[in-house]
Amino acid sequence: MVLIVAGIAVMAVAWTAATGRLKRNWIAGLRLKSTMRSDAAWLAAHRRAKIPFSATGAMMVAGGVLLAVADRTTGVAVALGTAVVGAAVALVAGY
């Protein structure tokens, strides 16, 4: 359930920041020195990151749903959870 909620949050931040509805802040978004310098830099970075971060959020939601129905006695849940989190980190880090 946590993975599903976190995935939805990632997607929501990605889309609201890319559309300009999420302004520069110190809580959510790409909070780098370069993105915090100006509103234009903030918006440009989030527009470019919208698809990779939305895909990451969707992958987290899908992984959370699969974990909810996985058989926890066979170790499948651990392997699946590790794969989903690893893939999400790789997708964001590759950005």
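Throughout, read-outs are computed from the coordinates displayed, never taken from laboratory work. Everything numeric here is computed off the predicted structure, so don't read it as measured data. Because the Cβ atoms are built from the backbone with ideal geometry, glycine has one as well, and the counts that use them run over all protein chains shown.
For the stretch 14-21, the count of residues that are closer than 24 Å to Gly81 by Cβ and of a type in the set (A, V, I, L, M, F, W, C) is at least one.
So is Ile4 more than 18 Å from Thr56 (Cβ to Cβ) and among the aliphatic types (A, V, I, L, M) or not?
Numbers: more than 18 Å from Thr56 (Cβ to Cβ): no; among the aliphatic types (A, V, I, L, M): yes.
Spelling it out, it is not the case that Ile4 is more than 18 Å from Thr56 (Cβ to Cβ) and among the aliphatic types (A, V, I, L, M).
The set of residues in the stretch 66-95 that are loosely packed, with under 13 Cβ neighbours inside 10 Å and in a helix (DSSP H, G or I) comprises Ala68, Val69, Val78, Ala79, Thr82, Gly86, Val89, Ala90, Ala93, Gly94. Within the stretch 19-47, being among the basic types (Lys, Arg), surrounded by 13 or more Cβ atoms within 10 Å (Cβ to Cβ) and part of a helix (DSSP H, G or I) holds for one residue alone: Arg47.
Checking the structure you have, find out if any residue of the stretch 9-18 is hydroxyl-bearing (Ser, Thr, Tyr), under 15 Å from the mean Cα position of the chain (by Cα) and surrounded by 17 or more Cβ atoms within 10 Å (Cβ to Cβ). No - not one qualifying residue is present in the stretch 9-18.
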